[in-house]
1. What fraction of the DSSP beta bridges in segment 6-241 is antiparallel, stated in percent and rounded to the nearest 5?
2. Can you tell me the mean projection area, over all orientations, of the convex hull of segment 59-218's alpha carbons? Units nm², please.
3. Once you place label points 7 Å from the Cα toward the Cβ at K206 and F225, how far apart are they in nm?
4. Evaluate the distance, in nm, between pseudo-label points positioned 7 Å from the Cα of E47 and of K62 along their respective Cα→Cβ axes.
5. Counting helices only, and only those DSSP H runs with n ≥ 4, report the 222 nm mean residue ellipticity of the chain as the sum of -39,500 (n - 2.57) divided by its residues, in deg cm²/dmol to the nearest 500.
6. So between K235 and N169, what do we pick up on full extension, going 0.36 nm a residue minus the alpha carbon distance?
7. Under a Cβ-only charge scheme (Lys and Arg +1, Asp and Glu -1), can you give me the dipole magnitude of segment 6-241 about the Cα centre, in debye to the nearest 20?
8. Any idea what % of Cα-Cα pairs in segment 1-131 are farther than 24 Å?
Amino acid sequence: MNPVKVAVVLPAYEAAATVSDVLNALPREFFQYIILVDDHSRDQTFEIASKDKSVLAYRNEKNLGYGGNIKKCLCIALELGADIIVEIHPDGEYGVGSIGRAIEEVKHGAGLVLGNRFALDGGPLKNGMFFWKYPVIKVLNWACNRALGTRLGDLHQGFRVYSSALLRNIDFIHNSNEYLFSFQIIVQAVFHQFPVREVPQSCRYKGKKRGARLGAAALYSISVFGVIIRFWLAKLRLRLHGWQGNI
């Protein structure tokens, strides 16, 4: 059997102050490829990442948004032949300690592995998250689990590990170019019956990372329910007509 190839992708935007620390903290023994795509930052993110010769650094000619940028990251990793793709953000919001365990979950059959910020003592509140964001996430998690038939503890965060089998069997390219992408791909995994698992995930919030603006959070929440409606419509079409399309 060929050895499993693992890539870590870092969708970057204006992370000049933190990117070096995140790259230095990566457990490099797990990875064949380290890929960073800078989303047309106005700071020195790309230049700093490019100094590390073990990093495959790219820079978008225009800002694509989080969803657009992670699509590019994933496509590059797939083109390189990666079997497992770890996504971690170079802003330092998520720790790297769960990477090894998450990779093992994929090796043992998971299509997608999510980090769970609530599974560790302290959780996001004690690590700097705005207090109003906590109940919003909890209610949104409960509603999404009910709608999807899942029992996941943290559906709306940014640490995840993908199997190439999942990515090659869903239409992630047509997902949103904004942060909604991160929820859409969970729904796609559930719809196509890929196992979705979790690992405890450390986090740290400070400055702008403490929480999205209230208006942005409200718009995201409304969009999440739009994705759920599409999920149920696709399930209905599958039941009535044997529809095998994508969502």
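Since every read-out is calculated from the coordinates, none of them should be taken as a lab result. A quick note: this is a predicted structure, and the numbers were derived from the prediction, not measured. Neighbour counts run over all protein chains shown; Cβ positions are idealised from the backbone, glycine included.
1. About 30 percent, rounded to the nearest 5.
2. Projected area, direction-averaged: 9.6 nm².
3. Distance between label points: 3.7 nm.
4. Reported label-point gap for E47 and K62 is 2.5 nm.
5. -12000 deg cm²/dmol, from helical runs alone.
6. On the way: separation 66, 0.36 × 66 = 23.76 nm, distance 1.70 nm.
22.1 nm is the gain from fully extending K235 to N169.
7. 820
8. 30
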